[in-house]
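First comes the structure, then the notes that go with it.
The values are calculated or read from the model by the stated rules, or taken from the named source; none is laboratory data. Since we're looking at a predicted model, the values are computed, not measured. Neighbour counts run over all protein chains shown; Cβ positions are idealised from the backbone, glycine included.
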Amino acid sequence: MTTRVAGILLAAGDGSRLGQPKATVELAGSTLAERGVALLRDGGTYPVLVVTGAIAVEVHNPDWLTGMGSSLACGLRALGADVTRADGGNGPAAGGGVSGAVDIEAAVIALADQPLVGTESVRRLIAAFRNGATVAVAAYAGKPRNPVLIAREHWPAVLDLATGDAGARTFLRSHPGLVTLVECGDTGSPDDIDTPEDLARVRGGFSS
């Protein structure tokens, strides 16, 4: 049976420093949300969920103001409403679950505000998973960044630690022995778009 790896695009922020929700920012004819979905889809994930907050698009996170961690938890619960947290708690995702989610074996998590990440990075993470890695992190010049793949077996632990703006970072730092770094420096850049200056720089690169 073919391994099923889902994609989760975190796009809930209101872009307070940017001046608009990042998911709606246009870059080279596409919004950051559209580019993120294409990244995950073309990289081999299915289904792809967009977790929003400041604007409601697909899976809405009512707790988006608390930070990225709640959006990650929201996306994981949407992919597997059967997931029980390590502390014994559980709960349905806002927006409901995904049909057939029980067959999903892992998820690749990407950020909407990193539009320069290459599709090949997602493919490499999935390849690492199929070769035995249960946590695979894209690295650039040896430094761990995004996207990140996490096997289903670790989702309960991620849910326990996904708070504030840390996303999966707390889980990754708490379990360094699980992490497989996958070098992706030749596939793109993890640069964030946080400010108008960041956006202008990225747009300039696309037009040059």
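Here are some notes:
- For region 182-203, residues that are surrounded by fewer than 16 Cβ atoms within 10 Å (Cβ to Cβ) and aliphatic (A, V, I, L, M) total 1.
- Any hit, region 116-131, residues being more than 16 Å from the chain's Cα centre (by Cα) and at pLDDT below 80: no
- Whenever a residue of region 144-166 is within 25 Å of residue 189 (Cβ to Cβ) and buried (at least 20 other Cβ atoms within 10 Å of the Cβ), its partners that are modelled with pLDDT of 90 or more and not aliphatic (A, V, I, L, M), lying with C-beta atoms within less than 7 angstrom and at least six residues away or across chains, give the pairs 145/190; 146/114; 146/190; 147/121; 149/129.
- The residues in region 104-143 that are assigned to a strand (DSSP E or B) and among the small types (Gly, Ala, Ser) can be counted, and the count is 6.
- Every residue from region 144-176 that is of a type in the set (S, T, N, Q), assigned to a helix (DSSP H, G or I) and either touching a Cys at 6+ places or on another chain (Cβ under 8 Å) or closer than 18 Å to residue 9 by Cα (or both): none
- Residue 127 meets all of the listed conditions (1) closer than 15 Å to residue 4 by Cα; (2) in contact with a Gly (Cβ under 8 Å, 6 or more places away or on another chain); (3) surrounded by fewer than 17 Cβ atoms within 10 Å (Cβ to Cβ) but one, namely (2).
- With respect to the conditions (1) out of contact with any Asp or Glu (no Cβ under 7 Å at 6 or more places or on another chain); (2) buried (at least 16 other Cβ atoms within 10 Å of the Cβ); (3) at pLDDT 85 or above, residue 50 falls short on a single one, namely (1).
- So residue 124, is it in contact with a Ser or Thr (Cβ under 9 Å, 6 or more places away or on another chain) and within 26 Å of residue 205 (Cα to Cα): yes
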